[in-house]
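Every number here is computed from the coordinates shown, using simple stated rules; none is lab data. What you are looking at is a predicted structure, and each value in this text was computed from that prediction instead of being measured. Here the Cβ is made from the backbone with ideal geometry for all residues, glycine too, and neighbour counts use every protein chain on show.
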Amino acid sequence: MSIAGARGGLVVSLDFELAWGVFDTLGVDGDYRANLYGAREAVPRILDLFEEHGVAATWATVGFLFAESRDELLSFAPDERPSYVDRRLDPYLEQLGEGEADDPLRYAPSLIAEIASRPRQEIASHTFSHFYCLEAGQTLEEFDADLAAARRIAAARGHEVTSLVFPRNQIRADYLPALVRNGFTAYRGAEPNWFNRPRAGASGSLPVRAVRLADVFLDLTGPGAVPWNEVAQPGGLANVRSSRFLRPRVNRPYLEALRWRRVAAGMTTAAARGALFHLWWHPHNFGANLEGNLTALRGHLELYARLREQYGFGNYSMAEVARLAPPVTAAQ
């Protein structure tokens, strides 16, 4: 369903987290370290492509990354911190450097400023501490305090964040009122299939991961087009749900062609239906094989340009979708 004043469109969001997204799984000092440093190079290169193609994007940024120093980070930290049963999940136990110069994987104010300086780039939130809403031990009150801290540190840099991406897509309906209380108007919901439903843990069981990987190459779940009339939710939030995670480029040409076509088919279907197509990834996914991943992204953005000419396919940030989505009616 398209709506008056708005067309179907591409929505792009990036989960900007650097070390805070992997410290408890892959670690910061292991083999994945090169990807994290590569993410710092990837951010301005991705921005260049967005600017070249006139593409808006939403950068869901972990609040810790805004800090200029350890003292500043801790000054914004709430008293109510996540009380995970598994203390390995607690980012407050991580060793922090003094600031971006000596700890560029845990601080990124210069990159956030670079993002904000580019046209049509939305600074959004990935919570203050990369908060896991489905892990044992944490509470709604701690999540509420974390969101307030995320808003405060962003405001200190001149950004009013109104869109949220739940870390690891650990979305839970009973926590959504905390978003409204803290001034958020949009969040990225999960794809409506069993293997992408929100769950605790980093990646799910082996069968879940296997089916999720197969769906990258084969059409197991359809195009992922999001109708406009499914965006607005009761309570005033917009669920700008995911259509597809943009996997890194695959080095085998046959598989890469399947991966690329899967995204392209979804985007094309959304354009033809006047619906939304929400593509997302992390900058560190591009951190290795940066040139190859940028080439693949360029191909998707060139397809977007063709769909814009053919169907009037638009492009929106998450905040823009929230403003344009038709409100929930009694019939819904």
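Numbers for the structure displayed
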item	result
Simple label model, 7 Å out from Cα along Cβ direction - ALA257 to GLU309, nm	2.4 nm
Residue order, fewest to most surrounding Cβ atoms within 10 angstrom, among GLU320, GLU160	GLU160, GLU320
Listed residues ASN251, PHE16, GLY38: farthest to the positive end of the dipole of the chain (Cβ charges)	ASN251
GLU302-GLU94 FRET efficiency (beta carbon distance; Förster radius 35 Å; 0.05 resolution)	0.30
Alpha-carbon centroid distance for the pair segment 163-188 / segment 54-113, whole angstrom	19 Å
Exposure proxy order (Cβ contacts within 10 Å, fewest to most) of THR61, THR221, THR139	THR139, THR221, THR61
Residues TRP228, TRP59, TRP260, TRP20, sorted so that the one with the fewest Cβ neighbours within 10 Å comes first	TRP260, TRP228, TRP20, TRP59
Sites ALA173 and LEU74 - FRET efficiency at Förster radius 30 Å, r taken between beta-carbons, to 0.05	0.40
Label of the coordinate-derived value, Rg and Dmax of the Cα atoms in Å, listed as [x] 22.8, 76; [y] 18.8, 56; [z] 20.0, 63	[y]
